[in-house]
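One structure below.
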Amino acid sequence: MRRSYLFTSIIAAVILVLSAVMASAQTGQLRGSVQLVGSDGTPAPVAEATIDVFRTDITGEYHTKTDKKGGWVFAGLPFIGTYVVSVSAPGAAPNARSGVKAGRDVAVDVVLQRGDGRRLTKTEAIDISKSGGGGGAGPGSGGGSESAEEKARREELLKKNAEILEANKKAENTNQIVGDAFKAGNVALTAKNYDEAVRQYDIGLVADPEQAALLTNKAAALKARAVEKYNAAIQSKDDAAKASGIEAARADFKGAAESADKAAELLKKEPAAPDPNDQKRNDANKYAALSVRAEAYRLYVSKGDASKADAGIAAFQDYIAVETDPAKKSKAQLDLAQMLLDAGAGDKAYAEYQKILAAQPDDPDANLGAGLALFSTADKAKYQEAANYLQRFVDKAPETHKFKNDAKAILAELKSTENVVPEKAPPRRGTKRP
């Protein structure tokens, strides 16, 4: 029995050894290395790069990572299989090589270009390998020698990758420039250094002309600078300096309105953000742009170009539509009407004051504005209604109101020159003028 057992054990051992030899003959090693081209153009080994090996003749896949030196190896892949090797790594454009065989002692050495770091699926790996690979590979990278057509495809793909890398680099640089300009501009704006603020915002806008935040803040800086110039000019005793200063202020008022217009148009085109926080930020940016735009137009139309009254109306209407604070909304409605009155658009101003009076018949400023708007038309048929509104203002406004004496003076003039006196019962709500 003992001899039988030993014999059987020897036979079993022989069978096991033979099986191992047969298995060894049917498998082979597959190895390679991964390098990534740096910003200086020099390739360097990539640790922890992902190696995905997909069998293309039948179903099968194998996965590993590169070591610290960028090397990788599969010790026992089926010898008869045909493979596509996909290589990916963070910050790199993926690459793939097809037609690879195990056990041929041909290393799959791949040099990656910089890219988005994505990982290829089997289908993508096969497709990209047919185009010659996505990241470039040294000689002997597996799959046999490439044809002229394959070489042309590979070079075209490399060219596209280079263009993508350049675009990504440009985007990174643009983001850096825009961010730095935005911060520096805001610091200058807060310090009321408006020249520097405008300069910084312009630096950012050269890099990216469609940055709504830069356009909005530039509009705010131009508007503030224009106010400074205008106030200094009207106080000047030198006529030439006064004219020059007013002209410079008008140019800034115009620039502020134009910059705010661009910001508003960009933000209006923004699609709804799926993330609530992103949408909240977008709404805040839009609100800021429309608010600055309305104020810029108020000054531009009043002090710079009265022919832009309709654009000013549109700017205020957009802002009022997004304003949720009742007090700010009411002020904006008054500012709109006052802008039109200052621009000499009496009829349009009267229409805006009527909107306010429809809701607040006793509003002093709206009554004053409606009366002045009618009086400014120089249409005697409207003087009676103008007197009615002005009298209501005098009755309702506090004694400290800065325009109360002016209203009384106009009423006195209407009485003495036109024999017009306020009616005892002036309209409490907006009425159609004669």
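Here, each number is a calculation from the coordinates, and none is a lab measurement. Since the model is a prediction, treat every value here as computed from it, not as a measurement. Neighbour counts are summed over all protein chains in view; Cβ atoms, including those assigned to glycine, are modelled from backbone coordinates with ideal geometry.
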Worksheet entry | Integer Hz, Karplus 6.51/-1.76/1.60 couplings in order for the stretch 216-230, x for Gly and Pro | 5, 5, 5, 4, 5, 5, 5, 4, 5, 5, 5, 4, 4, 5, 5
Worksheet item: So how far apart, in nm, are the two label points at Arg104 and Asp180 if each is 7 Å from Cα heading toward Cβ?
Response: 5.0 nm
Worksheet, complete the sentence: Phi-derived 3J(HN,Hα) across the stretch 263-275 with the Karplus relation (6.51, -1.76, 1.60, θ = phi - 60°), rounded Hz, x for Gly and Pro, is 4, 5, 5, 5, 6, 5, 7, 4, x, 4, 7, x, 8
Worksheet item: Over the stretch 29-146, what is the percentage of antiparallel beta bridges among all DSSP beta bridges, to the nearest 5?
Response: 85 percent
Discussion item. Just to be sure I understand: if I project the alpha-carbon convex hull of the stretch 246-362 onto a plane and average over all orientations, what area do I get in nm²?
Written reply: 8.0 nm²
Worksheet entry | Value of relative contact order over the stretch 29-146, rounded to a whole percent, pairs C-alpha under 8 Å and six or more apart | 28 percent
Worksheet item: Could you give the semi-axes, largest first, of the ellipsoid that matches the stretch 288-339, computed as the square roots of 5 times the alpha carbon gyration tensor eigenvalues and rounded to whole Å?
Response: 18, 10, 8
Worksheet item: Which FRET efficiency value, to the nearest 0.05, do you get for Glu413 and Asp362 by plugging their Cβ-Cβ distance into 1/(1 + (r/R0)^6) with R0 = 25 Å?
Response: 0.55
Worksheet item: Of Ile126, Ile58, how do they rank once you tally other Cβ atoms within 10 Å and put the fewest first?
Response: Ile58, Ile126
Worksheet item: Cα centroids of the stretch 280-330 and the stretch 65-104: how far apart, whole angstrom?
Response: 61 Å
Worksheet entry | the stretch 29-146 - Debye-derived log10 I(q)/I(0), Cα point model, q = 0.16, 0.18 Å⁻¹ | -0.63, -0.81
Practice prompt. Taking the Cβ of each residue in Tyr230, Tyr201, Tyr287, Tyr350 as the centre, tally the other Cβ atoms inside 10 Å and list the residues starting with the fewest.
Written response: Tyr287, Tyr230, Tyr350, Tyr201
Worksheet, complete the sentence: Between Arg31 and Asn173, the FRET efficiency computed from the C-beta separation at R0 = 22 Å comes out, to the nearest 0.05, as 0.05
Fill in: Extension gain, Asp116 back to Val187 (0.36 nm per residue minus Cα-Cα distance, nm)
22.1 nm
Practice prompt. List the residues whose amide H sits under 5 Å from the amide H of Leu36, counting only those 5 or more places along or on another chain, with H placed 1.01 Å from N in the peptide plane.
Written response: Ala44, Val46, Leu112
Worksheet item: Can you give the FRET efficiency for Asp275 and Ala243, using 1/(1 + (r/R0)^6), R0 = 60 Å, r = Cβ-Cβ distance, to the nearest 0.05?
Response: 0.70
